[in-house]
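Enquirer: Before anything else, here's the structure in question.
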Amino acid sequence: MQFCGAETRIPLGAVDLALRTGADLIPAWAWRIDGFRFHARIGPPLEVVRTGDFDKDVRLNAERLLLKTVVGIEDICFVFSVVRHQVVLYGQR
């Protein structure tokens with residue numbers, strides 16, 4: 001799936017389970033704030049989209065979940081593109 005303009009992989013188990021069982025899909029994320037302290041955020045359930053094509057539904061809902069859980073996506077995409085660009089440059093010979 002596309003993330004910040006590049007193909008990437010994310011775990012799909014939660015989306016797969018929600019589609020198969022009707023369970024809620026709840027976006028949640030945590031980040032380190034200092035030493036061994038973390039800050040966590042849990043969002044409201046994400047309405048699962050069903051098109052009738054299970055594989056398409058998994059991908060679509062995974063992308064929607066990713067976008068809901070990423071805080072400050074513009075900053076993350078900028079850092080990601082800089083790092084990705086450096087990796088490409090270092091990998092060239």
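Every read-out reported here was derived from the displayed coordinates using simple, explicitly stated rules and does not represent laboratory data. Everything quoted here is computed from the prediction, not taken from an experiment. Note: ideal-geometry Cβ built from the backbone for every residue, glycine included; neighbour counts use all protein chains shown.
Enquirer: Mind sorting R50, R32 by how few other Cβ atoms lie within 10 Å of their own Cβ, fewest first?
Expert: So the residues, fewest neighbours to most, are R32, R50.
Enquirer: Same structure again: Would you mind ranking E63, E7, E47 by Cβ crowding within 10 Å, fewest neighbours first?
Expert: By the 10 Å Cβ count, ascending: E7, E47, E63.
Enquirer: Related question: Taking the number of other C-beta atoms within 10 Å as the exposure measure, put R59, R64, R41 in order starting with the fewest.
Expert: Working: R59 14, R64 17, R41 11.
Lowest count first: R41, R59, R64.
Enquirer: Still on this structure: Skipping prolines and chain starts, which residues have an amide H placed within reach, meaning under 5 Å, of the one on L25, given they are 5 or more residues away or on another chain?
Expert: Those qualifying (amide H under 5 Å, at least 5 residues apart or on another chain) are L46.
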